[in-house]
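Below you'll find the structure, written out as C-alpha coordinates, and then a few comments.
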Ligand SMILES: Nc1ncnc2c1ncn2[C@@H]1O[C@H](COP(=O)(O)OP(=O)(O)OP(=O)(O)O)[C@@H](O)[C@H]1O
(Lines give C-alpha, C1' and ligand atoms only; values in the text may rest on other atoms or scores of the structure.)
Protein backbone atom coordinates (compact mmCIF):
# COMPACT_ATOMS: atom_id res chain seq x y z
CA UNK A 1 0.00 0.00 0.00
CA UNK A 2 1.49 3.33 -1.07
CA UNK A 3 2.09 6.04 1.54
CA UNK A 4 -0.23 9.03 1.36
CA UNK A 5 1.57 12.15 0.21
CA UNK A 6 1.41 15.00 2.72
CA UNK A 7 -0.29 18.11 1.27
CA UNK A 8 2.01 21.11 0.77
CA UNK A 9 1.24 24.36 2.60
CA UNK A 10 -0.21 25.91 -0.59
CA UNK A 11 -2.40 22.83 -1.18
CA UNK A 12 -3.67 22.97 2.39
CA UNK A 13 -4.45 26.69 2.04
CA UNK A 14 -6.28 26.14 -1.27
CA UNK A 15 -8.77 23.96 0.62
CA UNK A 16 -9.40 26.56 3.28
CA UNK A 17 -12.03 29.25 3.27
CA UNK A 18 -10.67 32.78 2.72
CA UNK A 19 -11.91 35.20 5.36
CA UNK A 20 -9.99 38.37 4.52
CA UNK A 21 -8.58 39.04 1.05
CA UNK A 22 -6.28 42.03 0.64
CA UNK A 23 -5.66 42.54 -3.06
CA UNK A 24 -3.08 44.90 -4.53
CA UNK A 25 -3.64 47.60 -1.91
CA UNK A 26 -1.74 50.85 -2.26
CA UNK A 27 -2.16 53.88 -0.05
CA UNK A 28 -0.35 57.15 -0.42
CA UNK A 29 -0.14 60.01 2.05
CA UNK A 30 1.11 62.88 -0.07
CA UNK A 31 4.53 61.71 -1.23
CA UNK A 32 4.68 58.77 1.21
CA UNK A 33 3.65 55.39 -0.18
CA UNK A 34 2.66 53.68 3.06
CA UNK A 35 1.42 50.50 1.32
CA UNK A 36 2.56 49.50 -2.14
CA UNK A 37 0.57 46.78 -3.95
CA UNK A 38 0.15 44.64 -0.84
CA UNK A 39 -1.79 41.40 -1.13
CA UNK A 40 -2.42 38.52 1.23
CA UNK A 41 -5.23 36.25 2.30
CA UNK A 42 -6.19 35.30 5.84
CA UNK A 43 -8.06 32.01 6.08
CA UNK A 44 -10.83 31.13 8.49
CA UNK A 45 -9.47 29.88 11.78
CA UNK A 46 -6.00 31.22 11.13
CA UNK A 47 -3.66 33.31 13.29
CA UNK A 48 -1.78 35.41 10.74
CA UNK A 49 1.16 37.56 11.80
CA UNK A 50 1.86 40.90 10.13
CA UNK A 51 5.42 41.94 10.84
CA UNK A 52 8.05 44.33 9.55
CA UNK A 53 10.45 47.02 10.78
CA UNK A 54 9.20 50.38 12.08
CA UNK A 55 7.33 52.35 9.43
CA UNK A 56 6.80 49.25 7.24
CA UNK A 57 3.05 49.92 6.93
CA UNK A 58 1.56 47.45 9.42
CA UNK A 59 -0.74 49.88 11.24
CA UNK A 60 -1.70 51.50 7.94
CA UNK A 61 -2.69 48.04 6.75
CA UNK A 62 -4.92 47.62 9.83
CA UNK A 63 -6.35 51.08 9.17
CA UNK A 64 -7.33 50.20 5.61
CA UNK A 65 -8.93 46.92 6.72
CA UNK A 66 -10.96 48.61 9.46
CA UNK A 67 -12.06 51.65 7.43
CA UNK A 68 -9.89 54.20 9.25
CA UNK A 69 -7.97 54.90 6.03
CA UNK A 70 -9.08 54.39 2.44
CA UNK A 71 -6.67 52.74 0.01
CA UNK A 72 -5.66 54.82 -2.99
CA UNK A 73 -6.08 51.69 -5.12
CA UNK A 74 -6.81 48.02 -4.50
CA UNK A 75 -9.60 45.98 -2.96
CA UNK A 76 -10.25 44.32 0.38
CA UNK A 77 -12.89 41.63 0.76
CA UNK A 78 -14.18 40.16 3.99
CA UNK A 79 -16.26 36.98 3.73
CA UNK A 80 -16.55 37.82 0.05
CA UNK A 81 -17.94 41.31 0.67
CA UNK A 82 -16.16 44.52 -0.29
CA UNK A 83 -14.76 46.47 2.65
CA UNK A 84 -13.35 49.58 0.95
CA UNK A 85 -15.85 52.42 1.00
CA UNK A 86 -17.72 51.08 4.03
CA UNK A 87 -17.97 53.13 7.20
CA UNK A 88 -16.14 51.97 10.32
CA UNK A 89 -19.31 50.88 12.13
CA UNK A 90 -20.41 48.91 9.06
CA UNK A 91 -17.08 47.11 9.00
CA UNK A 92 -17.47 46.35 12.71
CA UNK A 93 -20.90 44.88 11.97
CA UNK A 94 -19.42 42.80 9.16
CA UNK A 95 -17.33 41.16 11.88
CA UNK A 96 -13.95 42.86 12.02
CA UNK A 97 -12.73 44.19 15.38
CA UNK A 98 -9.43 45.69 16.39
CA UNK A 99 -7.35 46.89 19.27
CA UNK A 100 -4.98 49.84 19.05
CA UNK A 101 -1.25 50.28 19.57
CA UNK A 102 -2.06 52.95 22.17
CA UNK A 103 -4.74 51.86 24.60
CA UNK A 104 -8.06 53.58 23.85
CA UNK A 105 -10.43 52.83 26.71
CA UNK A 106 -13.01 55.07 28.35
CA UNK A 107 -11.05 55.78 31.54
CA UNK A 108 -14.03 57.00 33.60
CA UNK A 109 -16.15 53.94 32.78
CA UNK A 110 -15.87 50.62 34.58
CA UNK A 111 -14.28 47.63 32.90
CA UNK A 112 -17.72 46.09 32.32
CA UNK A 113 -19.10 49.34 30.90
CA UNK A 114 -16.20 49.51 28.46
CA UNK A 115 -17.15 46.04 27.25
CA UNK A 116 -20.80 47.08 26.96
CA UNK A 117 -19.77 49.88 24.64
CA UNK A 118 -18.24 47.20 22.41
CA UNK A 119 -21.40 45.10 22.60
CA UNK A 120 -23.41 48.17 21.64
CA UNK A 121 -22.08 47.90 18.10
CA UNK A 122 -24.19 44.73 17.72
CA UNK A 123 -27.45 45.82 19.34
CA UNK A 124 -30.65 46.56 17.51
CA UNK A 125 -31.29 49.14 20.19
CA UNK A 126 -28.28 50.93 21.56
CA UNK A 127 -27.50 50.53 25.26
CA UNK A 128 -25.48 53.71 25.17
CA UNK A 129 -28.12 55.40 23.03
CA UNK A 130 -30.80 54.29 25.47
CA UNK A 131 -28.86 55.79 28.34
CA UNK A 132 -28.80 59.11 26.51
CA UNK A 133 -32.53 58.84 25.76
CA UNK A 134 -33.24 58.21 29.43
CA UNK A 135 -31.19 61.13 30.56
CA UNK A 136 -33.08 63.33 28.11
CA UNK A 137 -36.34 62.49 29.91
CA UNK A 138 -34.60 63.37 33.19
CA UNK A 139 -34.35 59.93 34.68
CA UNK A 140 -32.10 59.45 37.68
CA UNK A 141 -29.43 56.75 37.42
CA UNK A 142 -30.95 54.87 40.41
CA UNK A 143 -34.24 54.63 38.55
CA UNK A 144 -32.46 53.13 35.63
CA UNK A 145 -30.90 50.59 37.97
CA UNK A 146 -34.35 49.81 39.36
CA UNK A 147 -35.70 49.17 35.90
CA UNK A 148 -32.83 47.03 34.79
CA UNK A 149 -32.73 45.12 38.10
CA UNK A 150 -36.45 44.34 38.39
CA UNK A 151 -37.61 44.41 34.81
CA UNK A 152 -40.91 45.64 36.27
CA UNK A 153 -43.09 48.55 35.23
CA UNK A 154 -41.72 51.38 37.33
CA UNK A 155 -42.69 55.03 37.27
CA UNK A 156 -40.02 55.44 34.70
CA UNK A 157 -41.48 52.80 32.40
CA UNK A 158 -44.95 54.30 32.84
CA UNK A 159 -43.58 57.66 31.93
CA UNK A 160 -41.99 56.22 28.86
CA UNK A 161 -45.08 54.25 27.91
CA UNK A 162 -46.81 57.54 27.06
CA UNK A 163 -45.00 57.25 23.83
CA UNK A 164 -45.37 53.58 22.89
CA UNK A 165 -42.37 53.63 20.64
CA UNK A 166 -40.14 54.66 23.49
CA UNK A 167 -41.57 52.04 25.83
CA UNK A 168 -41.08 49.12 23.47
CA UNK A 169 -37.65 50.46 22.64
CA UNK A 170 -36.84 50.44 26.35
CA UNK A 171 -38.19 46.89 26.95
CA UNK A 172 -36.06 45.51 24.21
CA UNK A 173 -33.19 47.55 25.49
CA UNK A 174 -33.55 46.06 28.99
CA UNK A 175 -33.42 42.52 27.65
CA UNK A 176 -30.50 43.30 25.44
CA UNK A 177 -28.66 45.08 28.21
CA UNK A 178 -29.07 42.11 30.54
CA UNK A 179 -27.79 39.74 27.89
CA UNK A 180 -24.94 42.12 27.11
CA UNK A 181 -23.93 42.35 30.79
CA UNK A 182 -23.85 38.56 31.10
CA UNK A 183 -21.87 38.31 27.87
CA UNK A 184 -19.59 41.12 29.06
CA UNK A 185 -18.81 39.22 32.25
CA UNK A 186 -18.05 36.10 30.19
CA UNK A 187 -15.60 38.08 28.08
CA UNK A 188 -13.92 39.62 31.12
CA UNK A 189 -13.55 36.07 32.41
CA UNK A 190 -12.10 34.91 29.09
CA UNK A 191 -9.39 37.59 29.26
CA UNK A 192 -8.87 36.93 32.97
CA UNK A 193 -10.04 40.18 34.60
CA UNK A 194 -13.59 39.34 35.68
CA UNK A 195 -12.63 40.28 39.26
CA UNK A 196 -12.10 43.88 38.07
CA UNK A 197 -15.49 44.28 36.32
CA UNK A 198 -16.65 47.14 38.56
CA UNK A 199 -13.34 49.01 38.61
CA UNK A 200 -12.86 52.20 36.59
CA UNK A 201 -10.72 51.49 33.54
CA UNK A 202 -8.21 54.13 34.57
CA UNK A 203 -7.54 52.27 37.83
CA UNK A 204 -6.67 49.00 36.12
CA UNK A 205 -3.05 47.92 35.81
CA UNK A 206 -1.52 48.36 32.37
CA UNK A 207 -1.73 44.66 31.50
CA UNK A 208 -5.37 44.56 32.63
CA UNK A 209 -6.15 47.53 30.39
CA UNK A 210 -4.67 45.73 27.41
CA UNK A 211 -6.78 42.67 28.21
CA UNK A 212 -9.85 44.87 28.61
CA UNK A 213 -9.26 46.29 25.13
CA UNK A 214 -9.32 42.75 23.78
CA UNK A 215 -12.55 41.97 25.69
CA UNK A 216 -14.17 45.13 24.33
CA UNK A 217 -13.19 44.22 20.78
CA UNK A 218 -14.57 40.69 21.28
CA UNK A 219 -17.86 42.15 22.52
CA UNK A 220 -18.60 43.21 18.94
CA UNK A 221 -18.75 39.45 18.16
CA UNK A 222 -16.12 39.55 15.44
CA UNK A 223 -15.11 36.82 12.99
CA UNK A 224 -11.73 38.52 12.76
CA UNK A 225 -9.81 40.22 15.58
CA UNK A 226 -6.95 42.53 14.57
CA UNK A 227 -4.47 42.98 17.43
CA UNK A 228 -2.01 45.87 17.07
CA UNK A 229 1.01 45.15 19.27
CA UNK A 230 -0.96 43.59 22.14
CA UNK A 231 2.23 42.67 24.03
CA UNK A 232 3.79 46.15 23.95
CA UNK A 233 5.22 46.91 27.39
CA UNK A 234 4.65 43.37 28.70
CA UNK A 235 7.17 41.40 30.72
CA UNK A 236 8.02 37.81 29.65
CA UNK A 237 5.44 36.24 31.98
CA UNK A 238 2.70 38.57 30.72
CA UNK A 239 3.70 37.78 27.13
CA UNK A 240 3.45 34.08 27.84
CA UNK A 241 -0.06 34.39 29.21
CA UNK A 242 -1.06 36.67 26.30
CA UNK A 243 0.10 33.96 23.94
CA UNK A 244 -2.20 31.50 25.70
CA UNK A 245 -5.06 34.01 25.53
CA UNK A 246 -4.61 34.52 21.77
CA UNK A 247 -4.78 30.76 21.24
CA UNK A 248 -7.84 30.54 23.48
CA UNK A 249 -9.59 33.26 21.47
CA UNK A 250 -8.84 31.43 18.23
CA UNK A 251 -10.27 28.26 19.77
CA UNK A 252 -13.56 30.11 20.27
CA UNK A 253 -13.75 30.46 16.46
CA UNK A 254 -12.31 33.96 16.02
CA UNK A 255 -9.54 34.33 13.42
CA UNK A 256 -6.68 36.66 14.30
CA UNK A 257 -4.48 39.14 12.47
CA UNK A 258 -1.58 40.05 14.71
CA UNK A 259 0.93 42.90 14.53
CA UNK A 260 3.71 42.23 16.99
CA UNK A 261 7.36 43.19 17.30
CA UNK A 262 8.28 40.39 19.69
CA UNK A 263 9.55 37.68 17.35
CA UNK A 264 9.35 34.92 19.94
CA UNK A 265 5.69 35.64 20.47
CA UNK A 266 4.94 35.92 16.74
CA UNK A 267 6.83 32.74 15.88
CA UNK A 268 5.20 30.91 18.78
CA UNK A 269 1.58 31.73 18.08
CA UNK A 270 1.04 32.32 14.35
CA UNK A 271 0.18 29.81 11.64
CA UNK A 272 1.61 32.01 8.90
CA UNK A 273 3.33 35.37 8.66
CA UNK A 274 3.28 38.23 6.14
CA UNK A 275 6.32 40.52 6.19
CA UNK A 276 6.24 44.15 5.07
CA UNK A 277 9.12 46.51 4.45
CA UNK A 278 8.73 50.08 3.18
CA UNK A 279 5.08 49.35 2.37
CA UNK A 280 5.80 46.26 0.26
CA UNK A 281 5.26 42.60 1.05
CA UNK A 282 8.70 41.01 1.03
CA UNK A 283 7.81 37.55 2.34
CA UNK A 284 4.95 35.29 3.33
CA UNK A 285 4.94 31.79 4.75
CA UNK A 286 5.13 29.62 7.83
CA UNK A 287 7.09 30.99 10.82
CA UNK A 288 10.12 28.86 9.98
CA UNK A 289 10.04 29.83 6.29
CA UNK A 290 9.90 33.50 7.21
CA UNK A 291 12.60 33.19 9.86
CA UNK A 292 15.02 31.72 7.34
CA UNK A 293 14.14 34.11 4.50
CA UNK A 294 17.23 36.21 3.54
CA UNK A 295 15.09 39.25 2.61
CA UNK A 296 13.46 39.19 6.05
CA UNK A 297 16.79 38.81 7.83
CA UNK A 298 18.16 41.72 5.79
CA UNK A 299 15.12 43.90 6.55
CA UNK A 300 15.54 43.35 10.26
CA UNK A 301 19.29 43.76 10.26
CA UNK A 302 19.03 46.81 8.01
CA UNK A 303 21.31 45.51 5.26
CA UNK A 304 20.55 45.25 1.53
CA UNK A 305 19.14 41.85 0.44
CA UNK A 306 22.04 41.06 -1.87
CA UNK A 307 24.50 41.58 1.00
CA UNK A 308 22.63 39.22 3.34
N1 LIG B 1 -1.75 59.66 8.21
C2 LIG B 1 -0.52 59.61 7.71
N3 LIG B 1 0.00 60.68 7.05
C4 LIG B 1 1.25 60.62 6.52
N5 LIG B 1 2.06 59.56 6.61
C6 LIG B 1 1.59 58.47 7.26
C7 LIG B 1 0.30 58.45 7.84
N8 LIG B 1 0.11 57.22 8.42
C9 LIG B 1 1.25 56.54 8.21
N10 LIG B 1 2.13 57.28 7.53
C11 LIG B 1 3.46 56.86 7.08
O12 LIG B 1 3.30 55.61 6.47
C13 LIG B 1 4.41 54.75 6.77
C14 LIG B 1 3.90 53.49 7.43
O15 LIG B 1 3.48 53.79 8.76
P16 LIG B 1 2.82 52.72 9.73
O17 LIG B 1 2.47 53.41 11.00
O18 LIG B 1 1.75 52.00 9.03
O19 LIG B 1 4.04 51.71 9.97
P20 LIG B 1 4.15 50.54 11.03
O21 LIG B 1 4.73 49.40 10.30
O22 LIG B 1 2.89 50.33 11.73
O23 LIG B 1 5.24 51.14 12.00
P24 LIG B 1 5.48 50.91 13.60
O25 LIG B 1 5.99 49.52 13.75
O26 LIG B 1 6.52 51.92 13.93
O27 LIG B 1 4.18 51.15 14.28
C28 LIG B 1 5.35 55.57 7.64
O29 LIG B 1 6.33 56.14 6.81
C30 LIG B 1 4.44 56.61 8.23
O31 LIG B 1 5.16 57.78 8.54
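Selection over the stretch 40-62 of residues that are over 18 Å from residue 230 (Cα atoms) and either more than 16 Å from the ligand (Cβ to nearest atom) or without any contact (Cβ under 8 Å) to a residue 60 or more places away in the chain (or both) gives a count of 5.
In the stretch 258-273, is there at least one residue being within 18 Å of the chain's Cα centre (by Cα) and surrounded by fewer than 17 Cβ atoms within 10 Å (Cβ to Cβ)? Yes, because at least one residue in the stretch 258-273 is within 18 Å of the chain's Cα centre (by Cα) and surrounded by fewer than 17 Cβ atoms within 10 Å (Cβ to Cβ).
The rows are residues; the columns are (1) in the same structural domain as residue 291 (by TED's automatic domain parsing); (2) touching a strand residue (DSSP E or B) at 6+ places or on another chain (Cβ under 8 Å); (3) farther than 23 Å from residue 287 by Cα.
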| site | (1), (2), (3) |
| --- | --- |
| 25 | yes, yes, yes |
| 44 | yes, yes, no |
| 53 | yes, yes, no |
| 72 | yes, yes, yes |
| 79 | yes, yes, yes |
| 85 | yes, no, yes |
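Return yes or no: is residue 70 within 14 Å of the chain's Cα centre (by Cα), surrounded by fewer than 16 Cβ atoms within 10 Å (Cβ to Cβ) and within 16 Å of the ligand (Cβ to nearest atom)? It is false that residue 70 is within 14 Å of the chain's Cα centre (by Cα), surrounded by fewer than 16 Cβ atoms within 10 Å (Cβ to Cβ) and within 16 Å of the ligand (Cβ to nearest atom).
Scan the stretch 15-39 for residues that are under 22 Å from residue 248 (Cβ atoms) and either modelled with pLDDT of 95 or more or within 15 Å of the ligand (Cβ to nearest atom) (or both) and the total you get is 2.
So residue 215 fits all but one of (1) more than 28 Å from residue 88 (Cβ to Cβ); (2) part of a helix (DSSP H, G or I); (3) in contact with a helix residue (DSSP H, G or I) (Cβ under 8 Å, 6 or more places away or on another chain); what number is the exception? Failing condition for residue 215: (1).
The values are calculated or read from the model by the stated rules, or taken from the named source; none is laboratory data. Everything numeric in this text was worked out from a predicted model, so none of it was measured. Ideal geometry is used to build each Cβ from the backbone, glycine not excepted, and the neighbour counts take in all protein chains shown.
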